[in-house]
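Here is the structure we will look at.
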Amino acid sequence: MRKLRLLPIVCLTFVFLFSSCVSKKKWTELMNDKEQLDMMLSQTQEQVKSLENDVVTLGDEKTELQEEFNSETSRLNDAISGIQTDLEAAKTKANEMEAMVEGKDAEISKLSAAVKSPFSPYTAKGLQLTEKGGGLYANSPVRFKSGSARLTKDSKAGLQIIVDVLMSDPTAQMIVEGHTDDVPMKEGAPYASNKQLSKARANAVVKTLVKMGVNPVQLIAVGHGSDKPAMSYEGLDNKEEAREYNRRAEFAVVTNPSELFRMSQAL
């Protein structure tokens, strides 16, 4: 800027020193050159001023941008901090929920074991239990010939698993249920009715089990006659297969009521 201000003085000095020794034409040319220089100088000064204003404007814009940057950075840091806080809270909640689930799993496992415990003496020996008509039955029926209460050799062999179950747990009990087919008793038959025959079949099974080592207090004999067929006769042209299937003795499991009550208190 200082050099630009000295430029007119230098020019005037040059003109003064050499005006006396130049022609009018030359003088005119020099004055024209001076005017052009003055005009260029003026334009340059305006450009410099404009540039100085631009510098000030850019400085102001830079300051505003820096303030906006600082504000946005602060906002984002606060947001990140909030997200981290929420994430930690979510992790804590997830850990609590996981602990609750593990606790529930443990309770369910414990309850499942308690529910199964009254039946474990039966299932532990490989005896299959089936729910039927509101009762629980061992899947090991004994078959009989028509009109007979005598156990066959095969039937006695099938009783061994019942013996193993009852002897492994002295508290276990079973009801031996005798059944018949739908054929009425003939006159002069050993048994006066199907009801009497079914009870004789149940008693025969009980006696055999006792001989095999079972405590008689673990057994109860009941006769149902032909009232509870395992296979229906309805719609059958030949009923003999159903009759053979229904001449049987079944084993109903007697559940310990005190054990059931204890389980109900745990629910």
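The values are calculated or read from the model by the stated rules, or taken from the named source; none is laboratory data. No experiment lies behind these values; they were computed from the predicted model shown. In this analysis, Cβ positions are derived from the backbone assuming ideal geometry, glycine residues included, and neighbour counts consider all displayed protein chains.
Scanning the range 233-248 for residues that are within 45 Å of the chain's Cα centre (by Cα), touching a residue at least 40 places away in the same chain (Cβ under 8 Å), buried (at least 19 other Cβ atoms within 10 Å of the Cβ) and assigned to a helix (DSSP H, G or I) turns up nothing. Number of residues in the range 185-212 that are loosely packed, with under 14 Cβ neighbours inside 10 Å and at pLDDT below 95 equals 6. Filtered by the rule that a residue be touching a residue at least 12 places away in the same chain (Cβ under 8 Å), part of a loop (DSSP other than H, G, I, E, B) and out of contact with any Asp or Glu (no Cβ under 8 Å at 6 or more places or on another chain), the range 159-185 gives LEU159, ASP169, PRO170, THR171, ALA172, THR180, ASP182, VAL183, MET185.
Only residues that are small (Gly, Ala, Ser) and in contact (Cβ under 8 Å) with a residue 40 or more places away in the chain were counted in the range 186-232, giving 10.
Within the range 126-172, can you find the residues that are touching a Gly at 6+ places or on another chain (Cβ under 9 Å) and among the aromatic types (Phe, Trp, Tyr)? Answer for the range 126-172, where residues must be touching a Gly at 6+ places or on another chain (Cβ under 9 Å) and among the aromatic types (Phe, Trp, Tyr): just PHE144. Each residue in the range 196-226 was checked for being in a helix (DSSP H, G or I) and under 16 Å from ARG150 (Cα atoms), and 16 pass.
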